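Structure, as structure tokens:
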Amino acid sequence: MADGDTVTVLDADRTQHKIRVAGIDAPEKNQAFGQRSKASMSDLVFGKDVVVMSSKRDRYGRLVGKVLVADPSCAASTCPKTLDAGLAQITAGMAWWYRQYAQEQSAEDAGAYEFAEQEARGRHAGLWRDADPIAPWDWRRASRP
């Protein structure tokens, strides 16, 4: 688990694939809430079967996609993978909706992600507890030499 918006998955042939979770941007590891965001994503997907819906690679060669996992409340091994890990991160206040890439999402997903972020902000969930959380894209820009 690299951080709160990147996961490594094994396919049926046990080949590793780095997945950049589409539609979200999580705090960087050294940023406030970075470790908590990483732990939250790990809780969602580590050791679980996932479905990755991807149609592109980013500039680092990672697949960019929606990551679906079974709802944690389902105990059967045949549970459908319907929980969107990216949306769950936003809902928990562990990531921002990455508006810059909204045009790459379906209108339904973009609307759900935007709504989830507004709700998390309103509840002061996760990173929204901070009075003025710094978006990861601003934090990265400020951290560059």
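The values are calculated or read from the model by the stated rules, or taken from the named source; none is laboratory data. Model, not experiment: these values are computed from the prediction. Backbone-built Cβ (ideal geometry, glycine too); neighbour counts: all protein chains shown. Side chains included, ligands, DNA and RNA excluded: accessible areas come from the protein's heavy atoms. Shrake-Rupley method; radii C 1.70, N 1.55, O 1.52, S 1.80 Å.
The table that follows gives values for the structure above.
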{"read-out": "Single match in Ala112, Ala116, Ala131 (criterion: open to solvent by less than 30 Å² (accessible area, probe 1.4 Å) and among the hydrophobic types (A, V, I, L, M, F, W, C))", "value": "Ala116"}
{"read-out": "Yes/no for Leu63 being of a type in the set (A, V, I, L, M, F, W, C) and closer than 22 Å to Asp109 by Cβ", "value": "yes"}
{"read-out": "The stretch 12-35 - residue that is touching a Gly at 6+ places or on another chain (Cβ under 7 Å) and of a type in the set (A, V, I, L, M, F, W, C) and, of those, nearest to Gln105 (Cα to Cα)", "value": "Ala22"}
{"read-out": "Out of Val52, Val9, Val21, sole residue that is open to solvent by less than 60 Å² (accessible area, probe 1.4 Å), under 18 Å from Lys81 (Cα atoms) and in contact (Cβ under 8 Å) with a residue 60 or more places away in the chain", "value": "Val21"}
{"read-out": "Qualifying position, being open to solvent by less than 40 Å² (accessible area, probe 1.4 Å) and over 19 Å from Trp137 (Cβ atoms), among Ala39, Ala85", "value": "Ala85"}
{"read-out": "Near pairs, Cβ below 6 angstrom, 6+ apart or cross-chain, from the stretch 125-145 (without any contact (Cβ under 8 Å) to a residue 40 or more places away in the chain) to any residue that is open to solvent by less than 70 Å² (accessible area, probe 1.4 Å) and small (Gly, Ala, Ser)", "value": "Ala125/Gly93; Trp128/Gly93; Trp128/Ala120"}
{"read-out": "Count of residues meeting criterion [more than 20 Å from Tyr113 (Cβ to Cβ) and either in contact with a Gly (Cβ under 8 Å, 6 or more places away or on another chain) or open to solvent by less than 60 Å² (accessible area, probe 1.4 Å) (or both)] in the stretch 55-75", "value": "3"}
{"read-out": "Lys29 being within 21 Å of Ser143 (Cβ to Cβ), touching a helix residue (DSSP H, G or I) at 6+ places or on another chain (Cβ under 8 Å) and surrounded by fewer than 17 Cβ atoms within 10 Å (Cβ to Cβ)", "value": "yes"}
